[in-house]
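Q: Okay, handing you the structure first.
The values are calculated or read from the model by the stated rules, or taken from the named source; none is laboratory data. Remember, predicted model here, so these are calculated numbers, not experimental data. A quick note on method: Cβ atoms are made from the backbone with ideal geometry, for glycine too, and the neighbour counts reach across all protein chains shown. Quick note on the areas: whole protein, heavy atoms, side chains included, nothing else; ligands and nucleic acids left out. Shrake-Rupley method; radii C 1.70, N 1.55, O 1.52, S 1.80 Å.
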There are 2 protein chains.
Amino acid sequence: MKAYLAGPDVFLPNAAENAAAKIAICARYGIIGRPPLNEDIARILTLPHDEAWRAIYLKDIEMMEECDIIIANLTPFRGTSADSGTLIEVGWFLGRGKKVFGYSNAATEFAARSAAHVAAIPDPIPRLAVEGFGLPDNLMIPGAVEYGGGLPIFLPPDGKDRAFDALDIFETCVAAARSMI
Amino acid sequence: MKAYLAGPDVFLPNAAENAAAKIAICARYGIIGRPPLNEDIARILTLPHDEAWRAIYLKDIEMMEECDIIIANLTPFRGTSADSGTLIEVGWFLGRGKKVFGYSNAATEFAARSAAHVAAIPDPIPRLAVEGFGLPDNLMIPGAVEYGGGLPIFLPPDGKDRAFDALDIFETCVAAARSMI
């Protein structure tokens, strides 16, 4: 059972260590974790932009094809919602009919984060009607996770935000995913 | 040929008029546009949150199943990237092997928008390495569009941001999509 470990974790300054820690957690639950890290990122970044991004994209898609499930880090990233690349990947697994699991290190609800964001950076048009529904993110995201994997998005159970790169909620998610596959 | 008209357009105060204008543009190119508007949104919003969001999610997925292609509004929304729900949908179409087309009313590159965002709302961890690659958004998004539909994301050709709800780039995208299907 191979799990695609999607998330903005790849942007961390210590991305390789973070990925190794996630792989070790997955292994404890009998899951082979595959992080979309590019071991040859230093070489890729020497390529012209148009070659570099396509190499990363195609490699990620190839890894997604090889994986059975996705375990997505849906912690908000540079905006009110989860990382944008991760969301493409979650949608892809849902469309492929592969199981979708996810977690977030943010305890704050989507509606509250949205209100705070709009207060800091006003919308280009007033009165945009984005409903919160008491959810952790735009409804398509918990929808993709709950209908795609049968479990909710795992959140801090104590209502306290975790550090951006914390792994305890990830482990809760991995353990629960294990019981569904 | 039915096109799912994804985008944050559904949040507009005049969402119904905007959807009608998009449907009319699609019709001129022989495409049946299907906007994910809920005609019965007033009733849905009277339901308990947990019923309301599921009703919207399941209806959207049903409409996506009925459509042949997606034409996504990828204009940035409340953050550095496109609307999060739209990204789930783009990924879903890519995963399903249905053609993906997209446009954005923003002319500014992803890297510049990201820098501006971080200046306004600092990242939770410094030195997060998100590469711009001269692209309009996170590389998974132009990747999904270019490899999913064969065309780039359509952007303002004059380098000037359009209004959030402008439809001229949408029409350019529809006309080009028509030639690929």
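Q: Does A:F170 satisfy being more than 14 Å from every other protein chain (Cβ to nearest Cβ) and out of contact with any Lys or Arg (no Cβ under 6 Å at 6 or more places or on another chain)?
A: yes
Q: Which pairs do you get when a residue that is facing another protein chain (nearest Cβ under 7 Å) and closer than 19 Å to B:A119 by Cβ, found in the stretch A:112-137, comes within reach of a residue that is open to solvent by less than 60 Å² (accessible area, probe 1.4 Å) and not charged (D, E, K, R), reach meaning Cβ atoms under 7 angstrom, with the pair 6+ apart or on two chains?
A: Here the result reads A:H117/A:G79; A:H117/A:T80; A:A120/B:I121; A:P124/B:F164, each pair linking the stretch A:112-137 to a residue that is open to solvent by less than 60 Å² (accessible area, probe 1.4 Å) and not charged (D, E, K, R).
Q: Please report, ordered by residue number, the helices (runs of 4 or more DSSP H) entirely within the stretch B:105-181 with at least 1 residues that are closer than 23 Å to B:I88 by Cβ, open to solvent by less than 60 Å² (accessible area, probe 1.4 Å) and among the aromatic types (F, W, Y).
A: Filter on the stretch B:105-181 gives B:110-120, B:168-178.
Q: State which residue is farthest from B:F170 (Cα to Cα) when the search covers only the stretch B:11-55 and only residues that are modelled with pLDDT under 95 and of a type in the set (V, I, T).
A: B:T46
Q: Can you tell which of B:A21, B:A6, B:A27 is closer than 15 Å to B:F164 by Cα and surrounded by fewer than 20 Cβ atoms within 10 Å (Cβ to Cβ)?
A: Every option except B:A21 fails the conditions.
Q: Considering only residues of the stretch B:12-27 that are part of a helix (DSSP H, G or I) and in contact (Cβ under 8 Å) with a residue 40 or more places away in the chain, which is nearest to the other protein chains (Cβ to nearest Cβ)?
A: Step by step, filter the stretch B:12-27, then rank; the result is B:N18.
Q: Free of Cβ contacts under 8 Å to residues at least 12 places away in the same chain and at the interface with another protein chain (Cβ under 8 Å from one of its Cβ atoms), is that true of A:W53?
A: Spelling it out, A:W53 is indeed free of Cβ contacts under 8 Å to residues at least 12 places away in the same chain and at the interface with another protein chain (Cβ under 8 Å from one of its Cβ atoms).
Q: Looking only at the stretch B:34-81, which residues are touching a strand residue (DSSP E or B) at 6+ places or on another chain (Cβ under 9 Å), open to solvent by less than 10 Å² (accessible area, probe 1.4 Å) and not in a loop (DSSP other than H, G, I, E, B)?
A: If the condition is that a residue be touching a strand residue (DSSP E or B) at 6+ places or on another chain (Cβ under 9 Å), open to solvent by less than 10 Å² (accessible area, probe 1.4 Å) and not in a loop (DSSP other than H, G, I, E, B), then B:M64, B:I69, B:I70, B:I71, B:A72, B:N73 are the ones that fit.
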